[in-house]
């Protein structure tokens, strides 16, 4: 069987892979940022399509435009 005991002192624990932690954190922040943008754009487009009388295709175009502008601004 493999030995899974830490190689260093107990107080310090195992070595941490900080570049991998930072890469994961950056991915999470990007997902949260662009996911929030998409949800807000979807709500605005749905409100425009349902209550503004814009219809499905106009709301879809508005969704795409809001996502494109938001992506450019948040980049």
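Only counting other Cβ atoms within 10 Å, I'd like 61, 29 sorted with the fewest neighbours first.
On the way: 61 13, 29 10.
Listed from fewest to most nearby Cβ atoms, that is 29, 61.
Once you have the Cα-Cα distance between residue 58 and residue 32, take 0.36 nm times their residue separation minus that, and quote the gain in nm to one decimal. Don't skip to the answer; put the middle values down first.
Working: separation 26, 0.36 × 26 = 9.36 nm, distance 2.65 nm.
Result for the pair: 6.7 nm of gain on full extension.
Give me the number: length gained by fully extending residue 51 to residue 25, i.e. 0.36 nm times residue separation minus the C-alpha to C-alpha distance, one decimal in nm. Mind showing how you got there, number by number?
Values: separation 26, 0.36 × 26 = 9.36 nm, distance 3.84 nm.
Extending this stretch completely gives an extra 5.5 nm.
What's the extension gain from residue 17 to residue 68 if we count 0.36 nm per residue and subtract their Cα-Cα distance?
Values: separation 51, 0.36 × 51 = 18.36 nm, distance 3.48 nm.
Full-extension gain reported as 14.9 nm.
Taken together, the values in this text are just the output of simple stated rules run on the coordinates, not laboratory data. All of these numbers come straight from a predicted model, not from anything done at the bench. For neighbour counting, all protein chains shown are included, and Cβ atoms are generated from backbone atoms with ideal geometry for every residue, glycine included.
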